[in-house]
Every structure is written in structure tokens, then in C-alpha cells.
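Notes for the one structure printed next.
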Amino acid sequence: MYNPLLAKSFSHYERKKFGWCAFVVMLIVVFSSCMVFMNHLYPQSVNGDAMNLQSSINAAEDMFVIKDTTLLKKLETEKKDAEPMCNVLEPLSDYCETKGDIRVQGNSSTIFVVSSHDFNVSAENNSWIIQPYPRKGNAGAMSSVKSWTVKLVQDGEKIPKCSVYHGYPAVLFSLGGYSGNHFHDFSDLLIPIFSKSRYFNSEVHFLATDYKSWWIGKYRTLLNNMSKNKILDIDNENEVHCFPSVTTGLKSHKEFGIDSSKSPNRVSMRDFRQFLRSSLSLNRVESIKMNDDIVTRPRLLIMSRKKSRILLNEDDVRQMAEDLGYEVVLAEANLSTNLTKFAQIVNSCDVIMGVHGAGLTNMVFLPNNAVLIQLVPLGAMDYLAKRDFGDPAGEMNIKYLDYKIGVNESSLVEQYPLNHKVFKDPSSFFRKGWGVFRAIYLDKQNVKVDLNRFRSTLLEAKKLLATS
């Protein structure tokens, strides 16, 4: 059975071993030849995010040019069920959820939903205009938000062909509006994006209209942990991107929070805070628990402000807090602040205090059972203070105290007589419009707390830490 030469040169065992090795080598050669042949037979064009080594396997599976006949057949089937589900009745945002053969043409700000059903093409309910930013009704915010058209079309109409297919769903949102304001970055964008990404288990594409590269850079660490894919500047895309489903707009049901009852996956603000701890390496989960045996001083973070609503006697407050047993940290956040480093500073503290404003948004980084002290400016601000920070604190497992600024603690006494409507009827200015109200009570007001009165608030915060 063997070649005579081999029989003379090798033993029976060696000849058998040689035969197996030759068989394995032959398999490798055949497999390599098949791979080369397949590459020539089915060439694939892969775009930038598929070439990203960070997610090369996922990207290669997710995005490809119109060569996969299996997916094409699947999309043909889904066309029969394609129908936009658009909600324009929510108080904060409009959005559309579309499934099937969905084609996104960025340079025309249009999303085509291809259907095989017969319908009246000229009917008004076949097209929706959506501004994908959750601040509906706020003219100041929405003026910088691009409008997108979601259009139901029949298969066979003259519509753009897909250039690139994606296997994962997509969420389209705007970086216009009030983005850049720390409170709105979280309330309007990061929290709704997180909630949606968790529904897709991070296997989702983010399509950003009104794109701001600096905003993406600031929150890149969080965004990369919400999606495995590169964020597309969809306005400047010349390709027609096709997805199995697209959500146009973000669902936002409340300020600086998540309504778990309206979230399909029951995600909550506590889930979001756990996500922040994991993404930003925030080591402290629980705040200090004060008792007679603990000699460690609780850390108090004073959020400084330099332009408006300034705490004029900040140094005196700091000294008093230190005398009461706090270790005090002063900090001010701005657009150039490194998110991770600042979050870690906040997470190292047990109490955060400051005048009502975007700086208090940093309470999201506090450990559980920490305390938020909000200084509420003069001017019928109770509702706004409670809505923006008081109520969210409870949902984040943070204890809340407020300190209401009195007439003699406000710098407005230096600008208006005591019998002026500014003091007697603040609500009358609110009825004149948010711009008028803001100019007086937020932009032109600084505060100087009564140290004797505020002392009891700092002591109460320590008591709350003892019951955590």
C-alpha cells in the first residue's frame, strides 16, 4: 500500500505518521484556496466604522454593501409589515419608530419607510415632520434643531437605493437645542440615549444630526459604552444607509429622569448611575455613614459659580463647614472640564451644595445616600428647584435638602425697592415669558446666605449621613 521508497526509508509507525501529516497539509491548502476563491467571488466594500479594529468582528457582520441576497430577501418580506409608529402627543418630544426596509438619506434629511401594502400615496398621514430633540414647544431650543421627514413609500416608487446595509437598529437624534449646557446634556440627551441603548443591549447605531464634534469628544467614554458602533454625522453622509429599524427622536418623559413605567425595559435612574460608575471608574458606591466611632470627616463639595447666582460669601461658608467637621472641596465645572476627572472628584464627596443651576447636575456622580443641598434663589423658584433637582434626587437614591434664599440674602435688594413687584409678585414676571423671568431671577441675582441660618442646614446634612 505504500510507495516502496517510503517503505525502505521509514518504519511502519513513521509511515503512518507521515500519512496523517500529509492529509492535514492537504486540508489546509484546500481551505486556503476556497477562502481566496470566495473573496474573488463575493467582494465586500466595507466603510469606516467596519474597519475600526475596536469592533472589527461586529462591524463586519453589521455593515456591508448590497451583496447579501439573504438579507435582501428578509427585507423584501419585512416590507409587507413596514409602517411608521409616530407619536406626536408626548409633552416633551415627538418620535417615530419604524421597522422593515428603512432607508436614511442624510443629505435630504429624509427617512424612507418602504412598504409593499397598497395605500393612498397622497394621503396626509403618510409623512411626518420630526425634530429629533426632546424639548418640544421650547422655541429657543428647537430653533437650532433640524427637521427630518419620515415618509411612507410604496415599493416600486422612485426612491433612493441602499448604498450600505446595517444589521443593527439605529437611533437618530439632534445635538442642537441646549446641548452644551450640562443639565440639558444629561436631561435631554445622555439619559434618553442610555435608556434607548439599553433596550437594544448596545447593539445600535447612533445617527447624530446637527453634529458637534466637541460634544461627541466630551462624552465619548459614555457614548462608546452605549453603542458598539461609530456615531455617524448623518447630515454629511452621501451614502444611503439602510437599517432593520430606526427610531427618529428621543423619548423623554420627565426632567432629569426616567419614567420606568414608560420604559420598555424598565430601566431606571439607578441603572443609569450604575452605568456611570462602571464607565467612569467611580469607586464609591455608598457615602460615609456618620456615627460616634467614625473620625473621618465627611467631604462637602461646594459648586462654585462665577457669572451668575454667585455665592458671595463662599469663603465664609467654607470656613463654617470646616468648623462643623467637614472636609471642604471647591470646584467649578465648564465646557472644558474633563468629565471623568470631575466625576471622580464628585464621587469622592458625601455632600454637594450649590445655587440652583447646571452645576448641580453633577449629583449623578455622587455615591448612594449622599446629600444634595440646593440653594433656591428668590423669585417663586420652588417648583423649578423641585422638578429639576429635588425630585430627581430621590430617584437617584440621594437625600435632598433645600435652603430658600430670603429677601435680605438676595442681591436683588440692591437693584429694586422692597415694595417692587420683583419681591411682591415674582409670578407676574414668569407670565411675561421665560426670558423676562430668567433675566431678573437667574441672570442678575447673586446670593449671600445668612450663616447662622445656613449652619442648621449643614448640621442636618450630617444627620442624614448618619441615617444612611
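The values are calculated or read from the model by the stated rules, or taken from the named source; none is laboratory data. Remember, it's a predicted structure, so these values are computed and weren't measured experimentally. Quick reminder, even Gly has a Cβ in these numbers, built from the backbone with ideal geometry, and neighbours come from all protein chains shown. Just so you know, the surface numbers come from the protein's heavy atoms only, side chains and all, with ligands and any DNA or RNA stripped out. Shrake-Rupley method; radii C 1.70, N 1.55, O 1.52, S 1.80 Å.
Quick look at the values:
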item	result
Verdict on V153 being under 18 Å from S108 (Cα atoms), touching a His at 6+ places or on another chain (Cβ under 6 Å) and of a type in the set (A, V, I, L, M)	no
Selection within the range 139-198 - open to solvent by 10 Å² or more (accessible area, probe 1.4 Å), in contact with a Leu (Cβ under 8 Å, 6 or more places away or on another chain) and either without any contact (Cβ under 8 Å) to a residue 40 or more places away in the chain or among the aliphatic types (A, V, I, L, M) (or both)	S179
Extreme residue, surrounded by the most Cβ atoms within 10 Å (Cβ to Cβ), among residues of the range 406-439 that are among the polar types (S, T, N, Q) and under 20 Å from R309 (Cα atoms)	S410
Among residues of the range 283-296, those that are under 27 Å from A358 (Cα atoms) and either open to solvent by less than 20 Å² (accessible area, probe 1.4 Å) or over 30 Å from the mean Cα position of the chain (by Cα) (or both), counted	1
Filter result (farther than 20 Å from F430 by Cβ, free of Cβ contacts under 8 Å to residues at least 24 places away in the same chain and within 22 Å of the chain's Cα centre (by Cα)) within the range 373-414	G394
Within the range 260-369, helices (runs of 4 or more DSSP H) holding 2 or more residues that are touching a strand residue (DSSP E or B) at 6+ places or on another chain (Cβ under 7 Å), at pLDDT 95 or above and closer than 27 Å to K404 by Cβ	314-323
Selection from the range 180-237 of residues that are outside any loop (DSSP other than H, G, I, E, B) and of a type in the set (F, W, Y)	F183, F186, F194, Y199, F206, W214, W215
Matching residues, the range 203-217, being within 12 Å of the chain's Cα centre (by Cα) and under 21 Å from T340 (Cα atoms)	W215, I216
Output for the range 448-468, where each listed residue is touching a helix residue (DSSP H, G or I) at 6+ places or on another chain (Cβ under 9 Å) and either over 10 Å from A321 (Cβ atoms) or surrounded by fewer than 17 Cβ atoms within 10 Å (Cβ to Cβ) (or both)	K448, V449, D450, L451, R453, R455
Residue, farthest from V364 (Cα to Cα), within the range 234-269, restricted to residues that are of a type in the set (D, E, K, R) and touching a Ser or Thr at 6+ places or on another chain (Cβ under 8 Å)	E239
All positions within the range 300-358 that are charged (D, E, K, R) and open to solvent by less than 10 Å² (accessible area, probe 1.4 Å)	D350
